[in-house]
Amino acid sequence: MYEGHSTGRVARIWPDGHLDTTFRSTIYSGRVTRNFYFYPDGRILVFGRMMAPEYPNDTLAVMRLHPDGSTDTTWPSIPFLNYGQFRGLASITDYLEIEPGKLIVVGQFNAIGDQPLGAITTIDTAGNVLWDYLPGTGAGFTEPIDNNSPSCYLQGIKEGPDGSIYIMGSFSGYNDGCGDHPEQRLITRLYPLNVGVKEEAKTEGIRVYPNPGNNLLQVAVGTNQPFEVKVRDGTGRVVLAGKPQATPLELSSGSLAAGVYLVEVIVDDVRQTVKWIKQ
């Protein structure tokens, strides 16, 4: 409530302190952080642990609002999980934009779908999880104290003057995709921009076709070495996979919904990804 008006969990206030009654959000439960992301067209990303009637029986850590505050239902429901239980325990507390439209988000979660992930990941402003930016498992659980449950929680993320990135919270150890760092506690400094992701050698000659495609996906690699292919949807879930001994690989994609997918190709322990569109 504000000035006697029901506002939901998000309200817009004029500079003189009065309520802007042209803005109306339907978020009715949970909590919303103070850190909003604003699109050039006036849309808003809000973070926290939220429920709205447009997503019945679901709790979202990220939602998108139209300029008037109404829920943008084209935003996908990213399945953040906490302690492997129901969605209502997971939350996002802070974000950092590392490139235009690409955000590192931190909070209280330890998985996205069936992919273990400790309290940090990267998403884009279209609602896709960008697995290549942070290939490790992230922050680890603290040890239980006095029979309490262990915790894996990142409260904030900030960029320093030199471009270094700092994360802070309650965690024990950090995995950046290059190795485990068990000595990391409470606050950790990450490398600028690539956030500690190991630079991967380019694998020449990778072809994913037809692109856009429909019921058949073919992956060719310009080498005679064995290779592995994983196709991930926007949440990072592996929806197709294959491990042929020769190129090209043909995968039946007729069961996949239309949308954007990441085709992950691994040759001799070197990974490269290609965006593929299913029509």
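The values are calculated or read from the model by the stated rules, or taken from the named source; none is laboratory data. Just so you know, these numbers come straight off a predicted model, no measurement behind them. Every residue, glycine among them, receives a Cβ derived from its backbone with ideal geometry; neighbour counts consider all protein chains shown. Each accessible area value is taken on the protein alone, full model and side chains, heavy atoms only, with ligands, DNA and RNA left out. Shrake-Rupley method; radii C 1.70, N 1.55, O 1.52, S 1.80 Å.
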Quiz item: Using a 1.4 angstrom probe and counting only protein chains, how large is the accessible area of residue 157 in Å², to 10?
Solution: 0 Å²
Quiz item: Could you give me the ³J(HN,Hα) list for the range 265-279, computed from phi with Karplus coefficients 6.51, -1.76, 1.60 and θ = phi - 60°, whole Hz, x at Gly and Pro?
Solution: 10, 10, 10, 6, 6, 9, 10, 9, 10, 10, 6, 10, 10, 9, 7
Quiz item: How large is the charge dipole for the range 59-185, taken about the Cα centre, if only the Cβ atoms of Lys, Arg (+1) and Asp, Glu (-1) carry charge, to the nearest 20 debye?
Solution: 300 debye
Quiz item: Comparing 176, 68, 269, which has the greatest mean-square fluctuation in the GNM of the chain with Cα pairs linked when under 10 Å apart?
Solution: 269
Quiz item: For the pair residue 218 and residue 239, how long in nm is the line joining their label points, each one 7 Å along Cα→Cβ?
Solution: 2.2 nm
Quiz prompt | Options 214, 56, 39, ranked by Cα towards positive dipole end of the chain, top entry (Cβ charges) | solution = 56
Quiz prompt | Relative contact order of the chain, pairs being alpha-carbon contacts under 8 Å that are 6 or more residues apart, as % | solution = 10 percent
Quiz item: In square angstrom, rounded to the nearest 10, how much accessible surface does residue 97 have for a 1.4 Å probe?
Solution: 80 Å²
Quiz item: Looking at the chain, what % of its DSSP beta bridges pair antiparallel, to the nearest 5?
Solution: 95 percent
Quiz prompt | For the chain, size of Cβ-based charge dipole, Lys and Arg +1, Asp and Glu -1, in debye | solution = 440 debye
Practice problem: Round to the nearest 10 and report in Å² the accessible area of residue 270, as given by a 1.4 Å probe over the protein chains' heavy atoms. | Solution: 40 Å²
Practice problem: In a Gaussian network model over the chain where Cα atoms closer than 10 Å are linked, find which of 128, 224, 35 has the largest mean-square fluctuation. | Solution: 224
Quiz item: Counting only protein heavy atoms, what percent of the accessible surface of the chain is carbon or sulfur at a 1.4 Å probe?
Solution: 52 percent
Quiz item: Given 0.36 nm per residue, what is the gain on full extension from residue 275 to residue 162 after removing their alpha carbon distance, in nm?
Solution: 37.5 nm
Self-check item: Correct option for semi-axes √(5λ) of the Cα gyration tensor in Å [calculated from the coordinates] among (1) 29, 20, 19; (2) 35, 27, 13; (3) 35, 25, 17
Solution: (3)
Quiz item: When the chain is modelled as a GNM with alpha-carbon springs shorter than 10 Å, which of 222, 17, 205 fluctuates the most?
Solution: 17
Quiz item: Sequence-distant or interchain residues sharing an amide H contact under 5 Å with residue 2, placed H: which?
Solution: 7
Quiz prompt | Solvent-accessible ranking of 44, 187, largest area first, probe 1.4 Å | solution = 187, 44
